[in-house]
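The values are calculated or read from the model by the stated rules, or taken from the named source; none is laboratory data. The shown structure was predicted, so the numbers you read here are calculated from the model rather than taken from an experiment. Note: ideal-geometry Cβ built from the backbone for every residue, glycine included; neighbour counts use all protein chains shown.
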Amino acid sequence: MNNKNYAKLCEEELSKPDMRGKTLVLQSCCAPCSSWVLTYLQNRINIKSIYYNPNIVDEEEYAKREAELKRLVDILNAEYPGASIEFVKGKKETEKFLKAAKGYENEPEGGKRCELCYEIRLKEAARLAKEIKADYFSTTLTISPLKKASLINEIGERIAKEEGVAFLPSDFKKNDGYKKSVELSKKYGLYRQNYCGCPFSKRNTEHEETT
């Protein structure tokens, strides 16, 4: 069993000398999940918040979440003069996700399909970090109480070894992180979706709402 305290490991890493001059590529799934994560990180490290979510098939939903994340980044940069957050528009690679999810369409939330989705997103964050010579890569995914931080971190650590770029561990839901993200979503009037993003997650949510 993995008993690592990833929230503590994250704080220890961010507390190292000269972190303010380093750069993090942060895979950002949406504005609500990013709200507390970006607020927590904004005075600790330079952030490139990449909107990369190939699991979101619906064009309107994809565009809405992208616009909200960009709006959030603008809000936080204005609210925190010392912040260094850059919005990065990621590639829309829906087919990559659908190909990986083939055969796992009926998996429950948090199952193998989700694991493959985490890997796709983290690999892209690592690829970009390596390309632009950023110091770290990470993801906002651990803010969700429905996602296993240990699994996400294990995938990130493995990709870090494969790609030769450091992974910033996290469990952003800890220390009331998720609660703070909900509060910030209300404060900034962020669009808060009711499903993760993929068509299979949407189908499950719609089924639950009608039963």
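Each residue in the stretch 172-196 was checked for being at pLDDT below 95 and over 21 Å from S150 (Cα atoms), and 5 pass. For the stretch 7-44, give me each residue that is surrounded by fewer than 22 Cβ atoms within 10 Å (Cβ to Cβ) and not charged (D, E, K, R). Matches in the stretch 7-44: A7, L9, L14, S15, P17, M19, G21, T23, T39, Y40, Q42, N43. Can you name every residue in the stretch 69-91 that is over 17 Å from L122 (Cβ atoms), surrounded by fewer than 17 Cβ atoms within 10 Å (Cβ to Cβ) and under 16 Å from the mean Cα position of the chain (by Cα)? Scanning the stretch 69-91 gives K70, E86, K89. So V37 fits all but one of (1) in contact with a Gly (Cβ under 8 Å, 6 or more places away or on another chain); (2) in a loop (DSSP other than H, G, I, E, B); (3) at pLDDT 95 or above; what number is the exception? Only one criterion is unmet by V37, namely (2). L168 meets all of the listed conditions (1) in contact with a helix residue (DSSP H, G or I) (Cβ under 9 Å, 6 or more places away or on another chain); (2) surrounded by fewer than 20 Cβ atoms within 10 Å (Cβ to Cβ); (3) hydrophobic (A, V, I, L, M, F, W, C) but one, namely (2).
Consider only pairs whose beta carbons are under 9 Å apart and that are at least six residues apart or on different chains; among these, list those whose first residue lies in the stretch 69-89 and is free of Cβ contacts under 8 Å to residues at least 12 places away in the same chain and whose second residue is among the β-branched types (V, I, T) and in a loop (DSSP other than H, G, I, E, B). Sorted first by the residue in the stretch 69-89, then by its partner, the list stays empty.
Only residues that are in contact with a helix residue (DSSP H, G or I) (Cβ under 8 Å, 6 or more places away or on another chain) and over 22 Å from I45 (Cα atoms) were counted across the stretch 109-143, and they come to 8.
One residue stands out among those in the stretch 46-66 that are surrounded by fewer than 20 Cβ atoms within 10 Å (Cβ to Cβ) and touching a residue at least 60 places away in the same chain (Cβ under 8 Å): the one that is farthest from the chain's Cα centre (by Cα), which is D58.
The rows are residues; the columns are (1) in contact (Cβ under 8 Å) with a residue 60 or more places away in the chain; (2) of a type outside the set (K, R).
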position	(1), (2)
E115	no, yes
K123	no, no
E131	no, yes
S138	yes, yes
S144	yes, yes
I152	no, yes
